[in-house]
Amino acid sequence: MSIVTVQLGQCGNQIGHEVFSAICSDVRGTHGLCSKKENESYHDACKERFFSEEESEVPVARAVLVDMEPKVISQTLSIAARSGYWKYDDRSHFCQKQGSGNNWANGYSVHGPRYKEVIMNLVQGEAEKCDRLGGFFTMMSMAGGTGSGLGAFVTQCLRDAFPTSFILNHVIWPYGTGEVIVQNYNSVLTLSHLYRSSDALLIHENDVIHKICAQLMNIKQISFRDVNQVIAHQLGSVFQPTYTAESGLHYSRNPLGDLMETLVPHPEFKMLGLRNIPQMPENSLAYSVFSWPGLIKHLRQMLIANAKMEEGIDWQVKPPRLGSSVPSSHSTNKPLHFNTSIANLVILRGKDTHSVDLGSFRDPSLYTSWLKPQDAFNAWKTPRAFNKYEKSASLVSNSQFLLKPLDDVVGKAWNMFASKAYIHQYTKFGIEEEDFLDSFTALEQVISSYTTL
């Protein structure tokens, strides 16, 4: 089954390009560290998922590129084509000259309806090229105008046009210190609208990725490209082919469906976070040795202590003792900073994955009481190594990891809204105060649901 990627706005287009590059270099690498037969079936599964073959034999990304300014898209198309290893379809992009001016309402209420037909025709064209469509993967930022506003509009259109297809939105959470004065408004409006039409939201926080670049990758002057490459590596570690419990001896054919089935048991809980270890500069890899027990121990502690990277984990945080629990909203025994999960997925890539003990992730005390641990935890594996790492592990988690950032964003947006700051910039494009209030209400409900796990 194939995934159609929809890259929206400057951020979505730059990350999308890095994701296809990472996937392509992983497939081309001779570092698979597995049998030739294994490598070939991995290669085929990946190609079907992300690329279509054309006469030129250069793989063509199954992607639609959308931006309201031409610069980023033209750069992205030409860099991909120059690589010689993959390219975008020259006809699968749409851009305009004017931008959305970091205004969500401009993207959602003006550009969206105006260009809906052209954009949806491009998407339809890509979908028709797939033998079997597995769903849509959209990439966008929440802070600006095009990715967020137009992104929310396009996601709604996808839901209307493809009611039975899976939609996963990859969303970049803005820096806390702020790139845009109205970013909290844009974020609240984006999240509340995506929550209505998307199956799940996979979130990356800029502040976290920036820290990984500085502390783990040892990059001195961090550029957006450095940040995007770390994000692309993490996404590749999830979406490259794996064996699931159900898929048996064949690589799973339906990555988006498998992901939703595994991680989203209830439509109230759609926020997914991603952690990937180890992460280090390429020149350090040759001097590093990793054991599965060590990686799994770190990954589990990152989960329960809500650490976003393997440096600086709080090892004092322990799961609550079972049997002594009172309802969690009044709970006195729930350890401070303990991150309760609804569902977790661990993905292992590299040698000896079959012998890894994942029992510690099946501990009932990690999970909410309304799901059995055997339903709440899944593992996907492949003996093929990923992107030069002999062993690597990723964790996709539906848990309380976003509560604080979400609460902060909603709080800051509400304070601005209470003093009517900048509201006129939205009302002139047709987004009324009522729409803001609906969005606040929807996100307060999400916060409350995750808080009471």
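Just so you know, all these numbers are worked out from the coordinates, no wet-lab data involved. Being a predicted model, the structure only gives us computed values, none of them experimental. Cβ coordinates were reconstructed from backbone atoms using ideal geometry, including for glycine residues, and neighbour counts include every protein chain displayed.
Any chance you could tell me what percent of the C-alpha pair distances in the stretch 202-254 go past 19 Å? That fraction is 42 percent. Taking 23 Å as the straight-line reach from the Cα of Lys129, the lysines in range (excluding those fewer than 8 positions away in the same chain) are Lys47, Lys87, Lys116. Note on the stretch 143-233: semi-axes of the ellipsoid equivalent to its C-alpha gyration tensor, largest first and rounded to whole Å, are 28, 16, 9. Contact order, relative form, for the stretch 324-453: 31 percent (alpha carbon pairs under 8 Å, 6 or more residues apart, mean separation divided by residue count).
The shape of the stretch 284-441 can be summarised by an equivalent ellipsoid whose semi-axes, obtained from the alpha carbon gyration tensor, come to 38, 23, 15 Å from longest to shortest. Label sites at Met280 and Trp315, each approximated as a point 7 angstrom past Cα along Cα to Cβ, lie 1.8 nm apart. The Cα trace of the stretch 107-170 gives Rg and Dmax of 11.7, 35 Å, the first to one decimal, the second as a whole number.
Remark: the stretch 365-380, residue by residue, has Karplus-estimated 3J(HN,Hα) of 5, 7, 10, 5, 6, 8, 10, 6, x, 5, 8, 7, 10, 9, 10, 10 Hz, where x stands for each Gly or Pro and the curve is 6.51 cos²θ - 1.76 cosθ + 1.60 at θ = phi - 60°.
Peptides 425-433, 400-408, 16-24 ordered by packing proxy, namely the average of other Cβ atoms within 10 Å per residue, highest first: 16-24, 400-408, 425-433.
Would you mind getting me the FRET efficiency between Arg82 and Ser223? Use the beta-carbon distance for r and R0 = 22 Å, nearest 0.05. That gives a FRET efficiency of 0.70. Computed from phi, the 3J(HN,Hα) profile of the stretch 127-139 under the Karplus parametrisation 6.51, -1.76, 1.60 (θ = phi - 60°) reads 4, 6, 6, 7, 4, 9, 8, x, x, 10, 10, 9, 10 Hz, with x in place of Gly and Pro.
Considering only Cα atoms, the convex hull volume of the chain works out to 144 Å³ per residue. Under a Cβ-Cβ cut-off of 10 Å, what is the net charge of the residues other than Ser291 that fall near it, where Lys and Arg count +1 and Asp and Glu count -1? Counting the neighbours of Ser291, the net charge comes to +1. Taking a Cβ cut-off of under 12 Å around Met309, the surrounding Lys, Arg, Asp and Glu residues balance to a net charge of -1, with basic ones at +1 and acidic ones at -1.
Working from label points 7 Å from Cα in the Cα-to-Cβ sense, the Ser247 to Lys297 distance is 3.1 nm. Under a 5 Å amide H cut-off, with hydrogens placed 1.01 Å from N, Phe94 pairs with Leu65, Val66, Asp67 among residues at least 5 apart or on other chains. Full extension of the chain between Lys428 and Asp44 gives 133.2 nm of extra length, using 0.36 nm per residue less the Cα-Cα distance.
Of all DSSP bridge pairs formed entirely within the chain, close to 30 percent run antiparallel.
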